[in-house]
Amino acid sequence: MFSRITLLITILLFAGCATRSSEEGVLGEAYVGPASLNLRADIPSNSPVTATVAHGERLQILQRRRVFLKVRTAKGVEGWTSERFLLSSSEVQALKAMAEEARHLASQGVASTFSVLNMHTLPSRSAPSFAQIQEGQKIDVLMYRVAPRTSPPRPPLLPSPAAPVRKVARKPAPEKFPPLPPAPKPPRDWLEISRRASEATPASQPEDREPSVSAPVPADDWALVRTREGQVGWVLTSRLYMSIPDEVAQYAEGHRITSYFSLGELRDGDQIKHHWLWTTLSQTAQPYDFDSFRVFIWNLRRHRYETAYIQRRVKGYLPVKLHPVQLAVSDLRRGAPPEAYPGFSVCVEKADGRRYWQNFAFIYPNVRFAGEQSGESIFPGAPAQPPQEVAGNPPPAARKSVYGRVKSLLVAARRWLGGQKK
């Protein structure tokens, strides 16, 4: 009996020592950034691999040498890796919050890539890449952002060690010297002497120099994308292409398509054609998302796409919203109440620096302006009432048909002839 108790106490002591030794020397914790990361037995890249860890796995930091960290996995395997491949707990929380928020964002178009594309945690080339988009894989584009190519350094995972306190030897007290004699007084006519000297040597005029122009900081266009599996990350926009049909994309005129939407479909023989709305950007690295938007319709008589509406030289911001639009003034039947039609809204910035939601109704084959709202207000997804008009921006007057114009001319001519007879 005594031997069993002694054996049990010995086992408990060994377990406590092992737990204590595993916790000793832990400097902090970090999480794996890339999709897969190899831990090596030493710092050189040709060192043997001790373990392979996946994205998001928690690691314990044991030692630091410059930018390299010695870490330990949950299974107790130790190895070396670079600090730039690891994420802090705050960065992991920010990545999860971004993914949760992006789940509720509407897609601004489906895109693909011609080659393997890395997804980054931040819009930066130096940010960790935690996933890859394969060639031809379909992804949803959510928003865009312009970021400088040289991003600021990330905060270190471990606080910098405190500098050792150096003992400063006391300097011997300075020897005492006799006080200096008083300075001589200026002459009585010192003002006159100064005036003569200034007239004799006029002040030199500074040379006309052109103001120094700082060199532009190189920047990259980034897109926040979402995969079919729900992964959300940043990719380079230049590596993406929108999956709009080529028969429509050929009219982009060299501009980059930033978003596109289907406004409906119709059947032409045995083919189904869509009406398209797109936004384009003529120059890269701009503070806005598009400078033109356009509506294409399929002409059943000519069997081709034609432009139903286009607006250029705007400063537009995503997202573009599709929703039913009610026309405040019906130009189809005089006196008829407002009706809801398929439509869309775009957010543009005007000359006053404010943003407005401009609403348009799509009544095949026409696109009609249906008012605008201030961008500061919350825009409803499907308004039950017509949008409020902004002062100074009334909707365009209804255009009469050819029959209506001819009828008005006949009525006016009849009145004029009747006046002549009298």
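The values are calculated or read from the model by the stated rules, or taken from the named source; none is laboratory data. Treat the numbers as computed from the prediction; the structure is a model and nothing was measured. Ideal geometry is used to build each Cβ from the backbone, glycine not excepted, and the neighbour counts take in all protein chains shown.
A few points about this structure:
- For the stretch 85-104, the set of residues classified as surrounded by 14 or more Cβ atoms within 10 Å (Cβ to Cβ) and out of contact with any helix residue (DSSP H, G or I) (no Cβ under 9 Å at 6 or more places or on another chain) consists of Phe85, Leu86, Ser88, Glu91, Val92, Ala94, Leu95, Met98, Ala99, Ala102, listed by residue number.
- Selection of the stretch 99-121 for residues being at pLDDT below 90 and hydrophobic (A, V, I, L, M, F, W, C) yields Ala99, Ala102, Phe114.
- Flag for Thr284 being surrounded by 11 or more Cβ atoms within 10 Å (Cβ to Cβ), part of a loop (DSSP other than H, G, I, E, B) and not aliphatic (A, V, I, L, M): yes
- Within the stretch 24-45, the only residue that satisfies the criterion of being farther than 16 Å from Leu95 by Cβ, in contact (Cβ under 8 Å) with a residue 60 or more places away in the chain and part of a loop (DSSP other than H, G, I, E, B) is Leu27.
- Selection within the stretch 287-316 - of a type in the set (Ser, Thr, Tyr) and in a loop (DSSP other than H, G, I, E, B): Tyr288
- Members of the stretch 58-76 that are assigned to a loop (DSSP other than H, G, I, E, B) and loosely packed, with under 14 Cβ neighbours inside 10 Å: Arg66, Val67, Ala74, Lys75, Gly76
- In the stretch 119-133, the residues that are among the hydroxyl-bearing types (Ser, Thr, Tyr) and surrounded by 18 or more Cβ atoms within 10 Å (Cβ to Cβ): Thr121, Ser124, Ser129
- All conditions in (1) closer than 16 Å to Ile363 by Cα; (2) at pLDDT below 95 hold for Leu277, with the sole exception of (2).
- Of all the listed residues (Gly136, Gly109, Gly79), the sole one being surrounded by 18 or more Cβ atoms within 10 Å (Cβ to Cβ), more than 14 Å from Ala35 (Cβ to Cβ) and either within 17 Å of the chain's Cα centre (by Cα) or not assigned by TED's automatic domain parsing to the domain that holds Thr50 (or both) is Gly109.
- Residue satisfying all of: in the stretch 46-55; without any contact (Cβ under 8 Å) to a residue 40 or more places away in the chain and within 35 Å of the chain's Cα centre (by Cα); surrounded by the fewest Cβ atoms within 10 Å (Cβ to Cβ) among these: Ala54
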